[in-house]
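Taking it in order: structure first as structure tokens, then the write-up.
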Amino acid sequence: MTHLFTMFFNKSVLSLVLIMTVSVLAVDARPATFLQDFRITWLDSHIRQLDGGRAIQLILDQNSGCGFASKSQYLFGRVSMKIKLIPGDSAGTVTAFYMNSDTDQVRDELDFEFLGNRSGQPYSVQTNVYAHGKGDREQRVNLWFDPAADCHTYSILWNHHHVVFSVDDVPIRVYKNNEAKGVPFPKFQPMGVYSTLWEADDWATRGGLEKIDWRKAPFYAYYKDFDIEGCPAPGPASCASNPSNWWEGSSYQQLDPVAARRYRWVRMNHMVYDYCTDKSRYPVTPPECLAGI
């Protein structure tokens with residue numbers, strides 16, 4: 001009887017340890033709430049936590065917009081968020097999700113900027129890449145769905161080989177590492193993760209022709225499923241160069257055939273602006289465009 005009790009007790013303890021271990025791993029795998037990984041940088045009263053902090057609401061009115069940032073910076077990895085954009089007449093508003101090195105002189109930055117529009121017109125998403133202080137690499141894509149009807153996943157994959165901007169796992173932009181051809185690539189500075197909701201009716205919609213209709217205010221955007229996987233800085237010096245990081249794996253060094261087909265489909269059917277073909281701004285084609293982006 002004592003032997004059976006000892007076996008039962010030992011098995012129970014082992015089961016409890018396994019359950020506790022799995023629970024800890026599950027908690028560490030993804031932040032449970034917004035405030036675990038992020039902080040409000042701009043106007044607390046305009047960012048509301050929902051669902052126990054697992055989602056947030058951003059507010060833009062005539063008084064102010066708002067913004068938040070990650071508590072840490074990262075060097076390579078992937079960040080993603082599910083965002084539900086402003087419904088209805090959103091002309092003149094910009095909802096931004098981006099990574100930034102927070103350095104004035106030689107800035108690195110990877111941008112998603114969602115440009116509001118008049119009711120019934122498609123939402124445009126503008127992407128931009130700053131590398132070693134040089135930006136002005138805008139591309140715009142009209143989204144092929146209503147991004148205000150539900151949440152959709154927007155992600156930035158950043159490794160030594162390229163930067164990939166994706167919408168629901170469909171790549172909409174690839175910026176390759178062409179350092180060998182003299183094209184700067186962001187790889188030395190860690191970047192934080194940022195988001196803002198703000199008024200930009202001097203340029204956001206039809207080059208500033210469409211202004212915000214404040215009668216429709218306040219404007220709301222919603223975020224959830226904040227996911228950051230990368231090398232935090234400061235951190236182990238070897239992390240950023242570790243080839244065993246999953247985002248550096250061979251399957252993430254180029255688009256697979258399915259992703260490449262989706263990428264071509266977006267570029268052929270939904271791209272509405274590409275700085276590479278804007279001869280008024282760039283009479284001489286930028287070198288990264290010739291090298292392949």
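Take Tyr123 and tell me if it is of a type in the set (Ser, Thr, Tyr) and in contact with a Pro (Cβ under 7 Å, 6 or more places away or on another chain). It is true that Tyr123 is of a type in the set (Ser, Thr, Tyr) and in contact with a Pro (Cβ under 7 Å, 6 or more places away or on another chain).
Within region 36-47, the only residue that satisfies the criterion of being open to solvent by 80 Å² or more (accessible area, probe 1.4 Å) and among the hydrophobic types (A, V, I, L, M, F, W, C) is Trp42.
Summed over region 131-162, the residues that are open to solvent by less than 30 Å² (accessible area, probe 1.4 Å) and among the small types (Gly, Ala, Ser) give a count of 4. On the basis of being in contact with a helix residue (DSSP H, G or I) (Cβ under 7 Å, 6 or more places away or on another chain) and touching a residue at least 24 places away in the same chain (Cβ under 8 Å), does Phe219 make the cut? Considered against the rule, which asks whether it is in contact with a helix residue (DSSP H, G or I) (Cβ under 7 Å, 6 or more places away or on another chain) and touching a residue at least 24 places away in the same chain (Cβ under 8 Å), Phe219 comes out as no.
Within region 199-229, if we keep just the residues that are over 18 Å from Pro122 (Cα atoms), buried (at least 18 other Cβ atoms within 10 Å of the Cβ) and among the aromatic types (Phe, Trp, Tyr), the residue that is modelled with the lowest pLDDT turns out to be Phe226. Inspect all residues belonging to region 189-197 and state whether any of them is touching a Gly at 6+ places or on another chain (Cβ under 8 Å), touching a residue at least 12 places away in the same chain (Cβ under 8 Å), closer than 18 Å to Phe76 by Cα and open to solvent by 30 Å² or more (accessible area, probe 1.4 Å). The answer is yes, given that some residue of region 189-197 is touching a Gly at 6+ places or on another chain (Cβ under 8 Å), touching a residue at least 12 places away in the same chain (Cβ under 8 Å), closer than 18 Å to Phe76 by Cα and open to solvent by 30 Å² or more (accessible area, probe 1.4 Å). Taken over region 48-87, the criterion of being without any contact (Cβ under 8 Å) to a residue 40 or more places away in the chain, open to solvent by 10 Å² or more (accessible area, probe 1.4 Å) and over 22 Å from Ala240 (Cβ atoms) is satisfied by Arg48, Gln49, Gly52, Asn63, Ser64.
Taking the numbered list (1) open to solvent by 80 Å² or more (accessible area, probe 1.4 Å); (2) touching a Cys at 6+ places or on another chain (Cβ under 7 Å) in turn, Cys239 passes all entries but (1).
As for region 269-287, it holds at least one residue that is aromatic (Phe, Trp, Tyr) and in a loop (DSSP other than H, G, I, E, B).
The values are calculated or read from the model by the stated rules, or taken from the named source; none is laboratory data. All figures in this text were calculated on a predicted structure; none of them were measured in a lab. Because the Cβ atoms are built from the backbone with ideal geometry, glycine has one as well, and the counts that use them run over all protein chains shown. The area values use the complete protein model at the heavy-atom level, side chains included, leaving out ligands, DNA and RNA. Shrake-Rupley method; radii C 1.70, N 1.55, O 1.52, S 1.80 Å.
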